[in-house]
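A quick write-up on the structure given underneath.
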Amino acid sequence: MTHLQTAPDLDTLITQTNHLHCEEPIELEEDETNANREYSLMLLAKLISTKKPNTKIVQNVLAKVWNPTKGMKVQTLEENTLCIALNHEWDRSQILASKPWSVMGSHLVVQDWPSNLSIKEIEFNISPFWIWINGLPPNQMTKANGEKIAGKIGNLKEIDFTSNGKISWYKYLRIRVEIDIRKPLHTGSSRSRDTLNSAWIGLQYERLPDFCFNCGRPGHVLRSCSYPLITSQAHPKSPFRPWLWAESMNPYLVKQSGTLFLDPLKIG
């Protein structure tokens, strides 16, 4: 037999909810002068990794690589998140200008601490990368095309042309783009041609950290990936392979007799 539960009466509802209340938000003062004085030389850094790093090792690596002129202090705020207190504006600007950074293969997102946000509100999702655009003929290595391709990837910050407007690198077009590291890396796209078949424009990333060969996201590797396989028409299998690393930055390349080869023992 099914028993129907009767709805509580009004008095019961009031009794059950009288401990719930909404307070008016507190209006707090803002002291930008103090914030600028205390936080202007501070940076936040988050290691994008599924592994729990040894914070002391990370601090030692950063101190050695950055080698700040007047030293630095590092404090752990949350797991994988550090507050870095510098003592000179030059060090701060050089660290930010030289992004991206990696520690032991894991991507390190480094950014300023906005004075109006708490650490819980800050997102570490955007990082800049220098990207090589391969597969362009000379008549398409232009700033306009660099801007067009960058618009498909993220937020364009710079195109590597000389001061007189000439291409800095003749093998590829080089652009600096801010990308959302929560999304799969862009591998390239096809370009249409009037009298010839379409051709592939391949992208490679300088100082690219470890990324997943399945889903293409930095921050984890293939064996710990939980995403379904991503495919494309140009690459029936996963398009995220070692060729996304720029040659000089590729940890999967070995040199033999002056020629670069993919090392199968490293790929796994």
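Each of Lys148, Lys46, Lys64 was scored by other Cβ atoms within 10 Å of its Cβ. Listed from fewest to most, they are Lys64, Lys148, Lys46. Please work out the Cα center distance from segment 130-204 to segment 39-65, rounded to the nearest Å. Between the Cα centre of segment 130-204 and that of segment 39-65, the gap is 31 Å.
Using a simple charge model, +1 on the beta-carbon of Lys and Arg, -1 on the beta-carbon of Asp and Glu, nothing else, what dipole does segment 39-114 show about its Cα centre, in debye to the nearest 20?
On the way: 9 positive and 5 negative charges, 50 e Å.
Magnitude of the dipole: close to 240 debye.
Return Thr55, Thr187, Thr69, Thr195 ranked ascending by Cβ neighbour count within 10 Å, so the fewest neighbours appear first. Please list the in-between numbers first.
Working: Thr55 15, Thr187 21, Thr69 12, Thr195 4.
By the 10 Å Cβ count, ascending, the order reads Thr195, Thr69, Thr55, Thr187.
Between Asn116 and Leu196, the simple spin-label model (points 7 angstrom out along Cα→Cβ) gives 5.1 nm. Shape analysis of segment 39-114 places it in the prolate category; the axes a ≥ b ≥ c from the Cα gyration tensor give an a/c of at least 1.5, with a/b above b/c.
Net length available on complete extension from Asp31 to Lys148 is 37.9 nm, with 0.36 nm assigned per residue and the Cα-Cα distance removed. Per-residue Cβ neighbour counts within 10 Å put Leu43, Leu196 in the sequence Leu196, Leu43, beginning with the fewest.
Listed by chain and number, the lysines whose C-alpha is less than 17 Å from the C-alpha of Lys99, apart from same-chain residues fewer than 8 away, are Lys46, Lys64, Lys157.
Just so you know, all these numbers are worked out from the coordinates, no wet-lab data involved. Given the structure is predicted, the values throughout are model-derived calculations rather than measurements. With ideal geometry, Cβ positions are generated from the backbone for all residues, glycine too; neighbour counts draw on all protein chains shown.
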